[in-house]
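A.B. asks: Here it is, the structure, as C-alpha cells.
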Amino acid sequence: MNLVIEPSGFCRKQYVVTVMGSPSEADLDFLRGGPKIGGMGQLLPCRIHVLEKIAPTKGERGIRSLTRLEVELKEGKNQQIRKMFSSIGNRVARLIRVAIGPLKLESVPMLGEARELTDEEINRLGMSCVNSNG
C-alpha cells in the first residue's frame, strides 16, 4: 500500500478544489504542465478541469469570486495543491479529496470513522497504482 501514500507512488489522487478568484486558462496550462515550484522542485504534469465559476459575492473580506476545479495528481507532495495555486495568485479556499486511484471516497464513513477495504478494492487500487506508474 506504499504506492498509495508515498508522494512518488504515482497513484492518482483526485480533488475538488475551490480557489479564490478566477485563474486564467494560461495559468491553468502552466500548472497542468508540471511546473517547478519553489520548495517543491519539479512537479509532474496533472489534470485540471474547471467545474464552475461562482459569481462574486460580498463577504466579510469584500467582494470575491470563486472557481471550483477538479484536480488529478499522480503525486501528492505535502501542500502541493495549495502551493500550486498560490504560485499563480489564487488562494485555495476549500480542498476535498474525492478519489484515490479507482476508489471514490463517497463511500467512506463519517469523519473519524474507518472501514476495511474489500479484497476487490485492494486489488483494483494496487493495479491502478502500478499501471499509472509511467
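The values are calculated or read from the model by the stated rules, or taken from the named source; none is laboratory data. This is a predicted model, so every value here is computed, not measured. For accessibility, only protein heavy atoms count, side chains too; no ligands or nucleic acids. Shrake-Rupley method; radii C 1.70, N 1.55, O 1.52, S 1.80 Å.
A.B. asks: Would you mind telling me the share, in percent, of accessible area of the stretch 13-129 contributed by carbon and sulfur at probe 1.4 angstrom?
C.D. replies: Values: 3740 of 7220 Å².
Reported share for carbon and sulfur atoms: 52 percent.
A.B. asks: Here is a follow-up. Could you do me a favour and compute the accessible area per residue for the stretch 13-129, 1.4 Å probe, result in Å²?
C.D. replies: Numbers: 7220 Å² over 117 residues.
Here the per-residue accessible area is 62 Å².
A.B. asks: Quick check: convex hull of the Cα atoms in the stretch 13-129, volume per residue, rounded to a whole Å³? Present the calculation step by step, with values, prior to reporting the outcome.
C.D. replies: Details: hull volume 15.6 nm³, N = 117.
Output value, Cα hull per residue: 133 Å³.
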